[in-house]
Amino acid sequence: MTDDTKANTKPPGTYTVISTNDGSKQVEIHIELMRLAILQAEMATPNDNAFNTGIIIVNGMTPISEGRSRESNMNKHAAEIALIKAHSHSQNARLLAGSTMYTTMEPCSSKKVSKVPCTSLIIDAGITTVVIGVKEPESFVNCRGVDTLCAAGIHVIHLQLLQEECLKTNIHLLT
């Protein structure tokens, strides 16, 4: 391995599952911010062929952006919309590096689903932690979002204790 290769190699990220509320301040913060992402998902226009996803991006406790599936005239994924909105404000764009994304659904990882996978956009933005509410159901697509993000050095937290709330807006696709 050359020195350049070593410098560009990030250690793998971690994957942590939180299935119960232990009462810690950090878990309480995760719950509060994921519920804001759930509100975004609830505002998404229903669709019989795609999940409603909501996103909140924060740096510390400073909100940077939000987004939801199919927001306004943009027929794009929630992560893509939230990142477009953040990049449109230079102050917020600077805060993306090192930020945390809360998403109700595991980010897509395939060009079959989106021209540029959401995982690529997240990696390119410099987001260091992604908190997901639910892994994408295998009945929809074989998503490798968690694996892709971890391989890029991003820490992924699966807030499994809010899984039912995150799936509520998509129940029609799961029955």
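The values are calculated or read from the model by the stated rules, or taken from the named source; none is laboratory data. Not measured: the values here are computed from a predicted model. Cβ atoms come from the backbone with ideal geometry, glycine included; neighbour counts cover every protein chain shown. Only protein heavy atoms, including side chains, enter the accessible area calculation; ligands, DNA and RNA are left aside. Shrake-Rupley method; radii C 1.70, N 1.55, O 1.52, S 1.80 Å.
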Original post:
Across 10 Å bins from the origin, how do the percents of Cα pairs in the chain run, short distances first?
Top reply: 10, 40, 37, 11, 2, 0
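Leaving out ligands, DNA and RNA, what percent of the accessible area of segment 8-112 is carbon and sulfur, probe 1.4 Å? Before the final figure, lay out each step's value.
Values: 2870 of 5640 Å².
Taking all protein chains in place, segment 8-112 shows 51 percent carbon and sulfur surface.
Taking only DSSP H segments of four or more residues, each worth -39500 (n - 2.57), what value at 222 nm results for the chain once the sum is divided by all its residues, to the nearest 500 deg cm²/dmol? Walk me through the numbers before you get to the answer.
Values: 8 runs with 65 residues, N = 175.
Only helices count here, giving -10000 deg cm²/dmol.
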Original post:
If amide H atoms are built 1.01 Å from N in the plane of the peptide, which residues on other chains or at least 5 residues away come under 5 Å of the amide H of residue 130?
Top reply: 101, 155, 156, 157
Subject >> J(HN,Hα) series, segment 148-156, from Karplus relation 6.51 cos²θ - 1.76 cosθ + 1.60, nearest Hz, glycine and proline x >> reply: 5, 5, 4, 4, 8, x, 8, 7, 10
**OP:** Tell me which residues come under 5 Å, amide H to amide H, from residue 64 once H is placed; ignore anything under 5 positions away on its chain.
**Re:** 57, 58, 59
Original post:
Just the accessible area per residue of the chain, please: how many Å² with a 1.4 Å probe?
Top reply: 54 Å²
Subject >> Distance between segment 118-161 and segment 65-111 - C-alpha centres, whole angstrom >> reply: 13 Å
Subject >> Only Lys, Arg (+1) and Asp, Glu (-1) charged, at Cβ; segment 28-93 dipole about Cα centre in debye >> reply: 180 debye
Subject >> segment 93-162 shape via C-alpha gyration tensor axes, a/c threshold 1.5 >> reply: oblate
Original post:
Of 101, 43, which has the most accessible area and how do the rest follow, probe 1.4 Å?
Top reply: 43, 101
Original post:
Going by a ≥ b ≥ c, the root eigenvalues of the Cα gyration tensor, does segment 21-123 fall in the rounded group (a/c under 1.5), the prolate group (a/b larger than b/c) or the oblate group?
Top reply: oblate
Original post:
Long-range amide H contacts for residue 54: which residues qualify at under 5 Å (H placed 1.01 Å from N, peptide plane, sequence gap of 5 or more or a different chain)?
Top reply: 41, 104, 105
Original post:
Taking the Cα atoms only, what angle lies between the long axis of helix 25-43 and the longest principal axis of the chain, rounded to 10 degrees?
Top reply: 50 degrees
Original post:
Got a number for the accessible area of residue 87? Probe 1.4 Å, square angstrom, nearest 10.
Top reply: 110 Å²
Subject >> Using alpha-carbon coordinates, inclination of helix 78-87 to the longest axis of the chain, degrees >> reply: 50 degrees
**OP:** Within segment 49-152, report the trypsin sites (Lys or Arg not before Pro) that DSSP leaves as loop and that have at most 12 other Cβ atoms within 10 Å.
**Re:** 111, 112, 115
